[in-house]
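Reading through the structure tokens given below for one structure.
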Amino acid sequence: MKKTIFSTIAFTFIFSTAVFSIELVTSETEKKIDALIEKMTLEEKIGQMTQRNARSGSEPFEGMIRDGKIGSILNEVNVEAVNRAQKIAVEESRLAIPLIVGRDVIHGFRTIFPIPLGLAATWNPQLVEEGSRIAALEARSVGVNWTFAPMMDIARDPRWGRIAEGYGEDPYLASRMAAAMVRGFQSDDLASPNALAACMKHFVGYGAAIGGRDYNTTYIPELLLRDIYLPPFKASVDAGAATLMTAFNDLNGVPATGNAFILRDILKGEWAFQGFVVSDWASVTQMVPHGYCADHKEAAEKAVVAGVDMEMETPSYADHIAELLDEGALTLEMIDDAVRRILRVKFALGLFDNPYTDTAHYPTLANEKHLAAAKEAAKQSVVLLKNDGHLLPLSKEMSVAVIGPLADAPQEQLGTWAFDGRAEESQTPLTALRDFLSPEKINYVQALPYSRAKETHDFDQAAQAAERSDVVLLFMGEEAILSGEAHCRANLDLPGAQEQLIKVIASAGKPIVLVVMAGRPLTMGNILEHIDALLYAFHPGSMGGPAVVDLLFGIDSPSGKLTVTFPKVVGQIPMYYNHKNTGRPPQASSWVHIDDIPLNAWQTSLGNESHYLDAGFTPQYPFGYGLSYTTFEYKDLQLSSPAIKMGEALTVSAVIRNSGAMRATEIVQLYCRDLAASITRPVRELKGFERITLEPGECRTVEFVLTTEDLAFPGPDMKMVAEPGAFHVWIAPSSEGGLMGEFSIAE
Ligand code: GLC
């Protein structure tokens, strides 16, 4: 009987409302802004509202910068060029207003961390915050002072390529991660030379694009907006995010970039957001093809009226605002408010006092310390989905066949939106294996040159490598280009001939570990029977190789858990854990697989419930799921009371025990269900989580404090309301199973 070690209680408060110290509005700054606006000509005001793309250098814009016709550039990452452009703005323009310089620093700058969908799988906001701080340091070193991140679009459809860039399907987890990234980028002093202004994006509902087709139409009732899509943005506003970017989608018939309801009523009204709003790339003029504006002039008008303060890339503001003012379509107050917001952020960034970048202040890019942080993030982002017969971890004595198109693809493993990552700084699994094992232990056959390849001429050589090895390590998935913006897929199986290759390798009869690198959940039902273990690494970034090898050989146990549901087949999409129960919830007892339905079956013999005859009603892997090299026992659920009054708190605890033989980390999750409410509620809602690391045999009591505020939801009047009634509560290892208790909120 293992000695049971009781360690201290791990407390977690559901809403650790981060007291953000980013003050965009101070009386001192507002006075300076008043004085500046007083002096500015209309052309200079419009200039602040104009951002141009300097991807091919900022020289072409130097004249416009000198004339005060540009307030921001994006995509200039040559520090000399940035300093030169800034010098023109500050020393040669009439009012010396510095530029704000933007770049997509989404999951790292030069040191690339796992894609955000992988970072989310760490369930470690602190680690995400630290990674964002490193990204900010590296980006600032080249003159970038504004990142177009965090992207916090809730995604329930893995066909959508941009699911890679967000944190998955749950608003609570996405809120925690987004706020952590905001704090990481901005630190607690936005005027520090190490801070980046954050940009919450894409506001709002972009991930709900019909069919998972990027840029496509979204219809989202206000209740659903407030319940699912808005919370991460509100959490980021509360964390002090300085800017926000509008989305490309048409939201209920009004493009987000021209949507006063979300921008003026909710963001700047209800939430009193004091930073500025930037459009997405040409999303102002795209309101013409949307069919919402007749021409660019009307697009400029509708964007300004809706509350878009700065136009990215296109010149409709520069071309039409003066005329629109003359015609009375716009007011000077609107323009002055936009300019005020932009100047607020520039003052908060300290750019008026310190506009230039002193490269001597910054550490080397992609240095050892940064890469070590990226490796730790990659390690915690990997999710163990299958481990039959405890095949993993492997022994160093084993010979390994290393096979597949992603075993040695340094650029691909960086994932989407890794603009400034470099293949030569990216360490692949093959590189890491060669560092870790003696050479005679490794039999490497690429077998497919890339994931979509269909040529099979190297398959025999791969099968022979498998035959002469103790275990097969397959590295497969998607290239980086197959996810991200505009890169949606209608078939989520492993691309190309990868499935065929797995079946060929399986015929060698050796144990197989499949490591998947992808920007989204893939449907793997066709191959799961042929593999013994499955590690899902998403796109793990610069240090993906060493991180995966540490896990393969048990230096650490995997600890990641999914933040998005993995469907069995594409036909199940959309499928997510926090779904409604419906009036006819599916029962395992009544589902009959389509192949097992008897002939001449009576019409109502199959049960009238919400499921698929050919795919049932459960996913391949549920939200919150992830295995470990040890086992964790959940016991002794305790509730502080069977009932609480409105405004009171409930304490829920359970004892978690490492009942296996290896030190490992478990992500303990808290879920609730409101059984009957004025608006139907999901069968489960994540309300908290706690990472705990336990030695073999060690026990820990994990305690959550749940307030009635945590149980509030958008009611019929769209206001957040907690209602009396019965609730279920779980402390669980995933969104399925766990220890369940019952409590009520008393009348
Ligand atoms: C892109 C993306 C947005 C990005 C911007 C600048 O189209 O939608 O997320 O920040 O343009 O690159």
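The values are calculated or read from the model by the stated rules, or taken from the named source; none is laboratory data. No experiment lies behind these values; they were computed from the predicted model shown. Heads up, the Cβs are rebuilt from the backbone with ideal geometry, glycines too, and the neighbour counts pull from every protein chain shown. Ligands, DNA and RNA are excluded from the accessible area calculation, which covers all protein heavy atoms including side chains. Shrake-Rupley method; radii C 1.70, N 1.55, O 1.52, S 1.80 Å.
Data table
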{"read-out": "Gained length - residue 424 relative to residue 467, 0.36 nm times residue gap less alpha-carbon distance", "value": "12.3 nm"}
{"read-out": "With DNA, RNA and ligands ignored, accessible area of residue 238 (1.4 Å probe; Å², nearest 10)", "value": "60"}
{"read-out": "Whole-number percent relative contact order across the stretch 391-484, with pairs defined as alpha carbons under 8 Å at least 6 apart", "value": "47"}
{"read-out": "Accessible area, probe 1.4 Å, largest first, for residues 577, 219", "value": "219, 577"}
{"read-out": "Computed over the stretch 478-561, the ratio Rg/Rh where both radii use C-alpha atoms and Rh is Kirkwood", "value": "0.97"}
{"read-out": "Peptide ranges 481-490, 227-236 listed from the most packed, as the mean C-beta count within 10 angstrom indicates", "value": "227-236, 481-490"}
{"read-out": "0 to 90° range, to nearest 10: angle between helix 27-39 axis and the chain longest Cα axis", "value": "50"}
{"read-out": "Mean separation of Cα contacts under 8 Å, 6 or more apart, over the residue count of the chain: relative contact order %", "value": "15"}
{"read-out": "Neighbour-limited loop hits for trypsin sites (Lys or Arg not before Pro), the stretch 569-652 (at most 15 other Cβ within 10 Å; DSSP other than H, G, I, E, B)", "value": "580, 645"}
{"read-out": "On Cα atoms only, tilt of 125-140 relative to the major axis of the chain in degrees", "value": "40"}
{"read-out": "Cβ-defined net charge surrounding residue 50, 12 Å radius [Lys, Arg +1; Asp, Glu -1]", "value": "-4"}
{"read-out": "The stretch 316-373 versus the stretch 481-510: alpha-carbon centroid distance in Å", "value": "43"}
{"read-out": "Ranked packing of 97-105, 66-74, 329-337, 653-661, most packed first, by mean Cβ within 10 Å", "value": "97-105, 66-74, 653-661, 329-337"}
{"read-out": "25 °C / 0.890 mPa s Stokes-Einstein diffusion coefficient of the stretch 314-426, Kirkwood radius on C-alpha pairs, µm²/s", "value": "118"}
{"read-out": "Karplus (6.51, -1.76, 1.60) ³J(HN,Hα), θ = phi - 60°, over the stretch 562-577, in Hz, Gly and Pro reported as x", "value": "5, 10, 8, 6, 9, x, 6, 9, 4, x, 7, 6, x, 9, 8, 6"}
{"read-out": "Cross-link pairs beyond the 20 Å C-alpha cut-off, checked among 396/510; 45/302; 379/568; 45/69", "value": "379/568"}
{"read-out": "For the stretch 375-552, fraction of C-alpha pairs farther apart than 25 Å, in %", "value": "24"}
{"read-out": "Å² of accessible area per residue within the chain, as computed with a 1.4 Å probe and no ligands counted", "value": "36"}
{"read-out": "Tail beyond 20 Å, pair distance distribution of the stretch 259-360 (Cα, percent)", "value": "43"}
{"read-out": "Segments 170-176, 52-58 sorted - mean Cβ within 10 Å per residue, highest first", "value": "170-176, 52-58"}
{"read-out": "Solvent exposure, largest accessible area first (probe 1.4 Å, DNA, RNA and ligands not counted), of 740, 476", "value": "740, 476"}
{"read-out": "R0 of 56 Å, Cβ-Cβ distance residue 742-residue 92: FRET efficiency to nearest 0.05", "value": "0.20"}
{"read-out": "Scattering profile of the chain at q = 0.07 Å⁻¹ [log10 I(q)/I(0), Debye over alpha-carbon scatterers]", "value": "-0.51"}
{"read-out": "Cα gyration tensor shape for the stretch 576-618, rounded if a/c is under 1.5, else prolate or oblate", "value": "prolate"}
{"read-out": "Separation in nanometres of the label points that stand 7 Å from Cα toward Cβ, at residue 717 and residue 411", "value": "5.8"}
{"read-out": "Distance between modelled label sites at residue 610 and residue 32, nm, 7 Å Cα→Cβ extension", "value": "5.4"}
{"read-out": "The chain - mean residue ellipticity at 222 nm from DSSP helices (-39,500 (n - 2.57) per run, n ≥ 4, rounded to 500)", "value": "-6500 deg cm²/dmol"}
{"read-out": "Charge context of residue 610, other residues only, Cβ under 11 angstrom, K/R +1, D/E -1", "value": "+1"}
{"read-out": "Largest to smallest accessible area among 646, 720 [probe 1.4 Å]", "value": "720, 646"}
{"read-out": "q = 0.22, 0.23 Å⁻¹: log10 I(q)/I(0) that the Debye formula gives for the stretch 632-745, counting C-alpha atoms only", "value": "-1.16, -1.24"}
{"read-out": "Principal-axis tilt of helix 332-348 within the chain, Cα atoms, nearest 10 degrees", "value": "60"}
